[in-house]
Amino acid sequence: MSLRKDFLWGGAIAANQAEGAYQEDGKGLALVDILPAGGDQRWDALAHPEKALKTTYDHYPSHEAIDFYHSYKEDIKWFAEMGFKVFRTSISWPRIFPKGDELEPNEAGLKFYDDLFDECLKYGIEPLVTINHFDTPLYLATEYGGWRNRKLIEFYERYARVVLERYKDKVKYWLTFNEINMVLHIPFFGGGLMFEAGENEDQVKFQAAHHQLVASSLATKAAKEINGENFKVGCMLAAGDVYPYSCHPDDMMKAIEANRNQYFFIDVQSQGEYPSYTKRMFEDLDVKIEMEQGDEEILKQYPVDFISFSYYSSRLTSADPNRYKDETSGNAFESLKNPHLEASEWGWQIDPVGLRVTMNNLYDRYKKPLFIVENGLGAVDKLENDTVEDDYRIEYMRDHLEQMIEAVNDGVDLLGYTSWGCIDLVSAGTGEMKKRYGFIYVDRDNEGKGSGKRYKKKSFDWYKKVIETNGEQL
Ligand code: P53
C-alpha cells in the first residue's frame, strides 16, 4: 500500500449547491437559480431552459441551499475535525461578476472567498478551487447565448485573472471548468446553452466546447503569469470508462468511440491539440469548428498540470441497437445496464473496479498526476438519535478506496481524493436534498424546510480514521 505521504484527503462541494444567499452582497443570478427541485421537473427544465425561464416554480433549491454562505465557519470546523487536508469548493462566478460582462469585479463577493479560504488555512486545509462549476451568470446565457458565443472567452478570462490574482497566496490548486464534457450531456449546465428548433446541436455544443478549451488554456496562461509553478492547474472530467457490452468487435469499436467522446476534452487540455480522430468525428456529426488565429498556439502552449475527474460509475455501450431497451436511469450519460453491477436508489450503477480501470486508462493516456475530486454515494439517510447509521455509504467508499489504492499500486501517480458532497447539499441532477452524499447530515428537505442543523453520520468517524491512517485502515 503506497499512497504518498502528503496525500490530499478531503471533501468537495460546489458554490451553487451549498452556499444559498443567492442575492446577497451583490450576487447576480446563476444558471442554476432558475431551476426547480425534483426529478422529472428538474430534468425537463434542464432540457428546455427557455421554458424554465418563463415558468414560476414553488421552490428553487439553490436560493438557500444549505446556507453555507453563513455557516461555512461551523462547517469547516467539522471538516478540520475529520482531518481534511484539502477542501474542494468553487467560486460563484456571479458573486464576482454579477452579470458576467462587467469590467470591474464585485468587492463583496471577493471578500467572501478571502474569508472562506482563510478559514480553511487556519486549520491547515488546502483549498482546491473550481473556477466554474455549473453557475455561469444567467445573463450571459440569456443575452449572449452562453458559450456558443466567443465573447464568453473574454469574460471568463477576465474573471479567472481576477480570482487567480486575488487568491494567489491562499490557493495553490485550481480547476478551470467542472466536468468540462458536461457541455455535451447537459448543455445548459455546462455551457449555458439553449437551442433553436432545427439547428445542429452538435455544432453548437462542440463550438461551445472549443471556446471553453481556449478559455481554459487562457486561464492556465494567466495562472502561470501570476504565480508561476506555485499554481497547479487541472482539468476536470466527468469520467467513467465505457465498456463494450460484449466481445463482439463492433461493440469494442463502439466503446472506443464512446470513450473518445469524453477523452476528447482532456486530449486537448492535456496534450494541447485536437487529436487526429476528431477530423472524422466532426465530419460524421457535420460539425465545423470555427477557430481564430492564435487558438491552436494557446492550446499548445498552456496544457494543464494535472488531471482531475469525478467518478461515480463505469458506462456500457453496444453496437447492437436492440440492446438499447435496457438503459440505466438517472445519470446524464447514456449507458446500458451492466448485468454484473448493482445500482444506487437513483439508478447509478456501482462499480469500484471501474475506478481502477478509469485511473489506469487516464494515467496511461496522459502520464500526468491524477486527482479524484468527486466520488460518493447519493442515498436516502434516516436521522435517528441525532445520527445516521450509513453503513451503505461506508461500504461504497471502502470498496472505491480499495480500488483507488490498487490503481496507485499499479503505478498511477495520485495527488488526492475529495469525496463528493462531504456535507449534504442540493443534488445537481435532481435538485433534491434527499439524495445525500455527506459525512455530515443537514436537516433540510426537498421543499427547503428544516432547521438546517448539522449532525455527524457514522461515516464521519470512519472517514476520520481513514485519513488518520492515510488509507491503511479502511
Ligand atoms: P447529483 C450527473 C448529473 C449531474 C451532475 O450528481 C453530475 C453528474 C455526474 O455524472 O456531475 C457531478 O448531484 C457534479 C456535481 C454533482 C455530482 O456529480 O446529481 O460535478 O455538481 O452534484 C453528483 O447526484
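The values are calculated or read from the model by the stated rules, or taken from the named source; none is laboratory data. If you're wondering where the values come from, they're calculated on a predicted model, not measured in any experiment. Heads up, the Cβs are rebuilt from the backbone with ideal geometry, glycines too, and the neighbour counts pull from every protein chain shown. Quick note on the areas: whole protein, heavy atoms, side chains included, nothing else; ligands and nucleic acids left out. Shrake-Rupley method; radii C 1.70, N 1.55, O 1.52, S 1.80 Å.
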(request) Could you grab me the full set of residues in region 301-351 that are away from the ligand (no atom under 13 Å from the Cβ), in a strand (DSSP E or B) and closer than 18 Å to residue 361 by Cβ? (result) 306, 307, 316, 317
(request) Give the residues of region 1-14 that are near the ligand (Cβ under 10 Å from one of its atoms) and either farther than 19 Å from residue 397 by Cα or assigned to a loop (DSSP other than H, G, I, E, B) (or both), sorted by residue number. (result) 13, 14
(request) Could you list, in sequence order, all residues of region 413-429 that are away from the ligand (no atom under 11 Å from the Cβ) and open to solvent by 10 Å² or more (accessible area, probe 1.4 Å)? (result) 413, 415
(request) Considering only region 63-77, state which residues are in contact with a helix residue (DSSP H, G or I) (Cβ under 7 Å, 6 or more places away or on another chain), surrounded by fewer than 22 Cβ atoms within 10 Å (Cβ to Cβ) and not in a helix (DSSP H, G or I). (result) none
(message) I'm trying to understand the selection: among the residues of region 306-342, which are farther than 26 Å from residue 408 by Cβ, small (Gly, Ala, Ser) and buried (at least 17 other Cβ atoms within 10 Å of the Cβ)?
(response) 318, 319, 330, 332, 335
(request) Tell me which residues, restricted to region 352-400, are within 13 Å of the ligand (Cβ to nearest atom) and in a loop (DSSP other than H, G, I, E, B). (result) 375, 376, 377, 378, 380
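Kindly indicate whether residue 448 is touching a helix residue (DSSP H, G or I) at 6+ places or on another chain (Cβ under 9 Å) and either more than 19 Å from residue 310 (Cβ to Cβ) or part of a strand (DSSP E or B) (or both).
yes
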(request) Being within 16 Å of residue 384 (Cβ to Cβ) and part of a loop (DSSP other than H, G, I, E, B) is the filter; apply it to region 452-474 and report the residue that is most open to solvent (accessible area, probe 1.4 Å). (result) 453
(message) Residue pairs, Cβ under 8 Å, 6 or more apart or interchain, first in region 116-137 and more than 14 Å from residue 170 (Cα to Cα), second more than 16 Å from the ligand (Cβ to nearest atom) and of a type in the set (D, E, K, R). List them.
(response) 137/99
(request) Filter region 258-278 down to residues that are assigned to a helix (DSSP H, G or I) and of a type in the set (Gly, Ala, Ser), then give me how many there are. (result) 2
(message) Could you check region 78-118 and list, in sequence order, the residues that are part of a helix (DSSP H, G or I) and within 23 Å of residue 233 (Cβ to Cβ)?
(response) 93, 94, 95, 96, 109, 110, 112, 113, 114, 116, 117, 118
(request) Collect the residues in region 241-256 that are more than 9 Å from residue 318 (Cα to Cα) and touching a helix residue (DSSP H, G or I) at 6+ places or on another chain (Cβ under 6 Å), keeping them in residue-number order. (result) 241, 242
(request) Return yes or no: is residue 432 farther than 21 Å from residue 350 by Cβ and open to solvent by 20 Å² or more (accessible area, probe 1.4 Å)? (result) no
(request) Give me the pairs, please: first residue somewhere in region 54-79 and in contact (Cβ under 8 Å) with a residue 12 or more places away in the chain, second residue anywhere and open to solvent by 60 Å² or more (accessible area, probe 1.4 Å) and outside any helix (DSSP H, G or I), beta-carbon distance under 9 Å, and either six or more positions apart or on two chains. (result) 58/447; 59/447; 63/23; 76/123; 77/123; 78/456; 79/123
